[in-house]
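Structure first, then comments.
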Amino acid sequence: MSYPADYKAALQDAIDGIDLSRVDEVIRIFESARSHGWRIFVCSDGGGATAAAQLLCDAVKSVSFNQAERFRVLELNEEVPRSTKASQELAQERSFVEQLKNFAEPGDLVVGVSLAGDSPSVVRAIEYARWIGCNTIAIAGHCGGKLAALVNVSVQVPTTHSGAVEDALSVICHMIGCHFLDAVADGRRRESGKQTVSDGPPSDINAEPESDDASAV
């Protein structure tokens with residue numbers, strides 16, 4: 001078997017291992033956050049996890065366009081000011097926590113997207129979020145790592161194949177984001193259909209045709 005075939009098989013196994021009931025639960029939590037006006041903070045540990053987190057944030061932000069109910073979503077930034085190596089490593093671990101201290105409140109939602117579920121910066125963010133009373137979600141590979149035991153809901157990619165994990169994280173985030181995008185699109189199509197039906201036929205459809213002046217003479 002060729003390597004692309006091996007990779008395809010590994011990715012298929014990873015996707016098949018996703019617990020869709022937990023994805024549905026995450027969607028319900030997102031819906032509740034939107035209806036209650038709770039903020040949603042998303043943090044990730046780099047690489048494919050960050051790409052997946054970006055997909056999720058972009059999707060739910062798009063859903064809010066011209067809508068009365070809006071997602072208040074923010075992707076946290078892992079960049080820290082330059083300093084000594086030791087202090088920078090410590091700051092890196094606490095980068096998400098410090099941002100949450102500025103903005104997060106009890107009831108808000110904090111989502112950690114991680115390749116292995118063990119990233120110190122994401123783990124610390126989830127620990128802090130739990131401490132102040134936020135709802136927490138993990139979307140992670142390698143059976144969820146440390147995050148799985150900390151969060152309210154954990155969606156796991158049960159494989160250690162790094163490429164398959166990255167791809168599957170994006171699939172999960174697309175499942176969540178596209179649920180809302182497709183719902184908005186379906187609503188617009190239904191609304192457009194109602195307007196077409198309500199318009200009805202032209203008002204003069206039963207009117208007698210006007211006679212030609214020349215032929216009437």
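The values are calculated or read from the model by the stated rules, or taken from the named source; none is laboratory data. From a predicted model like this one, the values you see are computed outputs, not experimental measurements. Positions of Cβ are generated from backbone atoms using ideal geometry, with glycine treated the same way; all protein chains shown enter the neighbour counts.
Being surrounded by fewer than 22 Cβ atoms within 10 Å (Cβ to Cβ), more than 17 Å from the chain's Cα centre (by Cα) and of a type in the set (A, V, I, L, M, F, W, C) is the filter here; which residues of the range 142-187 pass it? Those that are surrounded by fewer than 22 Cβ atoms within 10 Å (Cβ to Cβ), more than 17 Å from the chain's Cα centre (by Cα) and of a type in the set (A, V, I, L, M, F, W, C): Cys143, Ala148, Ala149, Leu150. Annotation: Val184 fulfils all but one of (1) modelled with pLDDT of 90 or more; (2) of a type in the set (Val, Ile, Thr); (3) part of a helix (DSSP H, G or I); the unmet one is (1).
Among residues of the range 25-42 that are closer than 12 Å to Val73 by Cβ, those with a beta-carbon under 9 Å from a residue that is of a type in the set (S, T, N, Q) and part of a helix (DSSP H, G or I) at least six positions away or on a different chain give the pairs Trp38/Ser32; Phe41/Gln99; Val42/Gln54. Among residues of the range 67-83 that are under 13 Å from Gly37 (Cα atoms) and in a loop (DSSP other than H, G, I, E, B), those with a beta-carbon under 8 Å from a residue that is modelled with pLDDT under 85 and of a type outside the set (A, V, I, L, M) at least six positions away or on a different chain give the pairs Arg70/Ser64; Phe71/Ser64. Taking (1) at negative phi; (2) touching a Ser or Thr at 6+ places or on another chain (Cβ under 6 Å) in turn, Gly144 satisfies each apart from (1).
Do we have any residue at all in the range 130-139 that's part of a helix (DSSP H, G or I), at pLDDT below 90 and not hydroxyl-bearing (Ser, Thr, Tyr)? Spell out how you get there, then give the answer.
Applying the first criterion (part of a helix (DSSP H, G or I)) to the range 130-139 yields 130-132.
Applying the additional criterion that residues be at pLDDT below 90 yields none.
Checked the range 130-139: no residue is part of a helix (DSSP H, G or I), at pLDDT below 90 and not hydroxyl-bearing (Ser, Thr, Tyr).
Taking the range 55-70 as the range and being touching a helix residue (DSSP H, G or I) at 6+ places or on another chain (Cβ under 8 Å) and among the charged types (D, E, K, R) as the test, the residues that pass are Asp58, Glu69, Arg70. For the residues Val171, Val155, Val165, Val151, the requirement of being of a type outside the set (Gly, Ala, Ser), modelled with pLDDT of 90 or more and in a strand (DSSP E or B) singles out Val155. Among the conditions (1) in a helix (DSSP H, G or I); (2) in contact with a Phe, Trp or Tyr (Cβ under 8 Å, 6 or more places away or on another chain), the only one that Asp58 does not satisfy is (2).
A quick yes/no check of all residues on (1) at negative phi; (2) modelled with pLDDT under 90; (3) buried (at least 23 other Cβ atoms within 10 Å of the Cβ):
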{"residue": "Ser44", "(1), (2), (3)": "yes, no, yes"}
{"residue": "Ala49", "(1), (2), (3)": "yes, yes, yes"}
{"residue": "Ser62", "(1), (2), (3)": "yes, yes, no"}
{"residue": "Glu69", "(1), (2), (3)": "yes, yes, no"}
{"residue": "Ser83", "(1), (2), (3)": "yes, yes, no"}
{"residue": "Val97", "(1), (2), (3)": "yes, no, no"}
{"residue": "Lys101", "(1), (2), (3)": "yes, no, no"}
{"residue": "Gly107", "(1), (2), (3)": "no, no, no"}
{"residue": "Gly112", "(1), (2), (3)": "yes, no, yes"}
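Looking at this structure, is Ala53 closer than 16 Å to Gly141 by Cα, at pLDDT 85 or above and part of a helix (DSSP H, G or I)? Don't jump to the end; show me each part of the working.
On the way: closer than 16 Å to Gly141 by Cα: yes; at pLDDT 85 or above: yes; part of a helix (DSSP H, G or I): yes.
Answer is yes for this residue.
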